Amino acid sequence: MSALWKIAIAALLLGAALPARGAQWSLAGEVVDLDGAPVIGANVAVWIGSTPVAAGAADEHGRFALRLKDSTAAPLRLVVSSVGYLRHESTVAGGGLPGRLRIELRPAPVAVEGVTVQPPEAAGAPCRALTRAEVAAAAQTSFVPGNPIDAVKEPRVLREGSSHSARLRVSGSSPVYTINGIAIGRNPTHYGMFAVVPAAVVERMTVRTLGTGAAHDAPAAIDLALPRPYGRHRDASLSLSAIDATAAWSLGGPHWFTLGAARKSVLDEIVNRLDTDAGRRTVPPTNFQDLVASSGLRLGSAASLAIDQYHVHDALEYRTGGTARNTRGAQTALATAEHYIGARLEMLRSGTLLRLQAAVQSTEESYAAASVPDGDEAEPPILDLHASGVTTTIAGEVVLSLGACELTIGDRVRHVMKQRIDLTQQNWNFLPPDAASDLPNPYQPELNRLYGSYHGTRRRTDHAAYASLRWRAGPVHMESGARIGHFGGLARKEWAVFRQAATLDLDDKGALTFFAGTFAEDPAQRVLEAYQALVHTDYNGLQPVRTALVSLQYTCGPASAALYRKQIAGLPVLTPDFRRVAEDGAAGEGFLRTRSIGEADFAGGDITLAFDSLAGGRLALTASYGYTAGTKTTASVTAPSEFNAPHRWYAMARYRVSRVVAVGAEAAVRSGYAYTLPPKSPAAPDGDRLTVDYYRAALARENGARFPTHATLNLNAVFDFGAAEAYCAIANITNRANPIIRSADGFIYDAGILPSAGVTVRF
């Protein structure tokens, strides 16, 4: 498979290196607002007198490049316009390369009734860019309105476990999250429910689910962009909800700004006072707090420096009672701390854009679980995990305008300065609180004995260099890219991957975007992920996770449709080595190892209808349906994937009743996730368990059952009084019992009806 991919994509790359003839020079630049944020889809045109000679639109980064003939030597009139901004006109000398322009548009709010303006698709992989207002509006129908991840409603995106989860899966893959281009991990959340970056400081969120450019190592990514509000202003807000209390601020002048948000949970105080149903998986008492801040300084007219940082603290303690099969309960304690600080320098010189970034990230994780006999104090911990690490990242990127093309060259170095793991485990049935199942592993006694204790320190350096070429030939936009990664701690050190995207502009008939690419990722995630402690233990013997992705998306007005196929290889899987069984039937050292032999295959399609302005601009409607077939393969045994729901329906409506009142509803129905039935007998005899036949039989049972259909209906209302805004919401208003975990004692259900309310005061 990999050979065919390389041949096909190499052919596409060769074609991309042959720009059309007749273009001798180009006019390139970027269109931004007064805060420095890109104005996506801005119209850019070049005129000679009353005759237009070139035109185009700004892409998702605000960048544009117009090709002009060598005979275009007369003074040119540059016109830039976009809905909601004042028209910009300036004179540019023709006949040569004038350098890279930076056009700043001033806001001019306009009222447009019954009209939806959508920028054309940019070159590159399909993506969806959400503004601050769109993030807030999309998240208001959920249980956690201040959570930007709740605004991700893509038809191919699933939520792990609870319908309120912020842990996402995109066709079997976890998306990587970035803050202003620097990766901060996969699904960084508080307890899997709340994003570590509140919506109050997110200027723009770009969601990529059908492929990413060469700058990313993962096939799915969520890019969070913090604002750059240069200009004189003093803004602040206070928010209080049933979830948290948040204070946000933004101060600035013409050459500087500082902004941020501080948040503290109040959910723990509420949950502690609720009499919850033991049959429902309600949110345990939680305590989380975070701080996100960004400051910037303009270094002249063509350079700027910004410092971004966030600090996260979590603490969770709860006690559960016994069950019918296990009279002992459990006492659990979880604590995490994460700190991040990054600097980014941007300079624009002679048509060249230079970005330099550096960041330091530290993490601490601890998890302890102890058995509690009925009515007694907890016994010594049967699981005690502590992990810590410090990671530094240095990145550089250069964007060059080369005639009709735009070339981007980048380099990233990621150094794990020190990663420490201390693990004492006496029962591998104890997984993190957000694990998908509490069923025991078939080789649980061997796991307890062979992995009962682990203490190790690791250092490693990962390196990646990439390049991408963007160009346009008539109605076709192209982006070709390549990436070479070096994985310092893995058995396979180097891996080359390729990307190719093409968008065909069909004018009033829409746009067609094709993407084909390969990816190579580090298999290690947060240590507290299920069985990630084992992945880290066997890390040096693993290979990168390899993915091949092909997607095709068609958009026309409010409608869009997509087809995709994703094949994954090199997944870390815990497997036995039956050669390491002694004559007396005892498992020896190395009997259980995490190996890169897992595979997965996802193929599907979806269709979406989105109307932003109906009924005179009062009504917004969205509806989608998606289908995906997903399987996983281990040791030549294929089973349904637990990270897939074949059928998915979604509908959303928002209606503005008046200038003050807006109401909304959100309905989601999907197939249940696949799960593994508990074995008929708690344990097999040692002689049967340590055989190939027993292992294959256990694999054949995996995900042989499926949860019932999962359905939720959420309602909300928003009251905007100008200086203050209030909301009320009810999640799962039908109180439907949605099973999300299969235990030895039966189903564990998602939370029932959940009311929420909050208010925001702006200063």
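Reported count of residues in the range 715-763, each being part of a strand (DSSP E or B) and closer than 30 Å to G704 by Cα, is 9. Please specify each residue of the range 525-551 satisfying the condition of being part of a strand (DSSP E or B) and β-branched (V, I, T). Matches in the range 525-551: V545, T547, V550. Determine whether the range 481-496 contains at least one residue that is buried (at least 18 other Cβ atoms within 10 Å of the Cβ) and in a loop (DSSP other than H, G, I, E, B). Yes, the range 481-496 contains a residue that is buried (at least 18 other Cβ atoms within 10 Å of the Cβ) and in a loop (DSSP other than H, G, I, E, B). Consider L571 carefully, then state whether it is surrounded by fewer than 16 Cβ atoms within 10 Å (Cβ to Cβ), in a strand (DSSP E or B) and touching a strand residue (DSSP E or B) at 6+ places or on another chain (Cβ under 9 Å). Judged against the criteria, L571 is not a match.
Within the range 169-210, the set of residues being in a loop (DSSP other than H, G, I, E, B) and under 20 Å from A343 (Cβ atoms) comprises N180, G181, P188, V196, V197, V202, E203. Would you check which residues across the range 733-759 are modelled with pLDDT of 90 or more, in contact with a strand residue (DSSP E or B) (Cβ under 9 Å, 6 or more places away or on another chain) and farther than 30 Å from P442 by Cα and list them? If the condition is that a residue be modelled with pLDDT of 90 or more, in contact with a strand residue (DSSP E or B) (Cβ under 9 Å, 6 or more places away or on another chain) and farther than 30 Å from P442 by Cα, then I733, T734, R736, V759 are the ones that fit. Against the test of being modelled with pLDDT of 75 or more, assigned by TED's automatic domain parsing to the domain that holds T537 and in contact with a Phe, Trp or Tyr (Cβ under 6 Å, 6 or more places away or on another chain), the options L305, L334, L353 yield a single qualifying residue, L334.
Taking (1) farther than 20 Å from L259 by Cα; (2) touching a Lys or Arg at 6+ places or on another chain (Cβ under 9 Å) in turn, Y191 satisfies each apart from (2). A single member of G161, G172 is closer than 23 Å to G605 by Cα, assigned by TED's automatic domain parsing to the domain that holds R648 and more than 14 Å from the chain's Cα centre (by Cα), and it is G161. Within the range 450-460, the set of residues being surrounded by 15 or more Cβ atoms within 10 Å (Cβ to Cβ), under 22 Å from D577 (Cα atoms) and out of contact with any Asp or Glu (no Cβ under 8 Å at 6 or more places or on another chain) comprises Y451 only.
To keep it simple, each residue is scored yes or no on (1) out of contact with any strand residue (DSSP E or B) (no Cβ under 9 Å at 6 or more places or on another chain); (2) among the aromatic types (F, W, Y); (3) at pLDDT 90 or above.
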| site | (1), (2), (3) |
| --- | --- |
| A600 | no, no, yes |
| A603 | no, no, yes |
| G626 | no, no, yes |
| G630 | no, no, yes |
| T638 | no, no, yes |
| F643 | no, yes, no |
| W649 | no, yes, yes |
| V663 | no, no, yes |
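The residues in the range 582-601 that are surrounded by fewer than 19 Cβ atoms within 10 Å (Cβ to Cβ) and of a type in the set (V, I, T) can be counted, and the count is 1.
Screening V535, V545, V527, V550 for residues that are among the β-branched types (V, I, T) and either touching a Cys at 6+ places or on another chain (Cβ under 9 Å) or free of Cβ contacts under 8 Å to residues at least 40 places away in the same chain (or both) leaves exactly one candidate, V550. For the range 200-229, taking the residues that are touching a Pro at 6+ places or on another chain (Cβ under 6 Å) and hydrophobic (A, V, I, L, M, F, W, C), the one that is nearest to F763 (Cα to Cα) is identified as V202. Put simply, of R595, R579, R648, R659 the only residue that is in contact (Cβ under 8 Å) with a residue 60 or more places away in the chain and either outside any strand (DSSP E or B) or in contact with a helix residue (DSSP H, G or I) (Cβ under 8 Å, 6 or more places away or on another chain) (or both) is R659. Using the structure shown, decide if T392 is in the same structural domain as H477 (by TED's automatic domain parsing), surrounded by fewer than 20 Cβ atoms within 10 Å (Cβ to Cβ) and at pLDDT 85 or above. It is true that T392 is in the same structural domain as H477 (by TED's automatic domain parsing), surrounded by fewer than 20 Cβ atoms within 10 Å (Cβ to Cβ) and at pLDDT 85 or above.
Is it true that some residue in the range 402-409 is among the β-branched types (V, I, T), closer than 30 Å to R102 by Cα and within 25 Å of the chain's Cα centre (by Cα)? Looking for residues that are among the β-branched types (V, I, T), closer than 30 Å to R102 by Cα and within 25 Å of the chain's Cα centre (by Cα), one finds at least one in the range 402-409, hence yes.
Rundown of residues vs (1) part of a strand (DSSP E or B); (2) modelled with pLDDT of 80 or more; (3) surrounded by 20 or more Cβ atoms within 10 Å (Cβ to Cβ), yes/no style:
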| residue | (1), (2), (3) |
| --- | --- |
| L297 | yes, yes, no |
| Y310 | yes, yes, yes |
| T323 | no, no, no |
| D374 | no, no, no |
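Return yes when A111 is in a helix (DSSP H, G or I) and at pLDDT below 85 and no when it is not. Judged against the criteria, A111 is not a match.
The values are calculated or read from the model by the stated rules, or taken from the named source; none is laboratory data. Quick caveat, the model's predicted, so the values are computed rather than measured. Cβ coordinates were reconstructed from backbone atoms using ideal geometry, including for glycine residues, and neighbour counts include every protein chain displayed.
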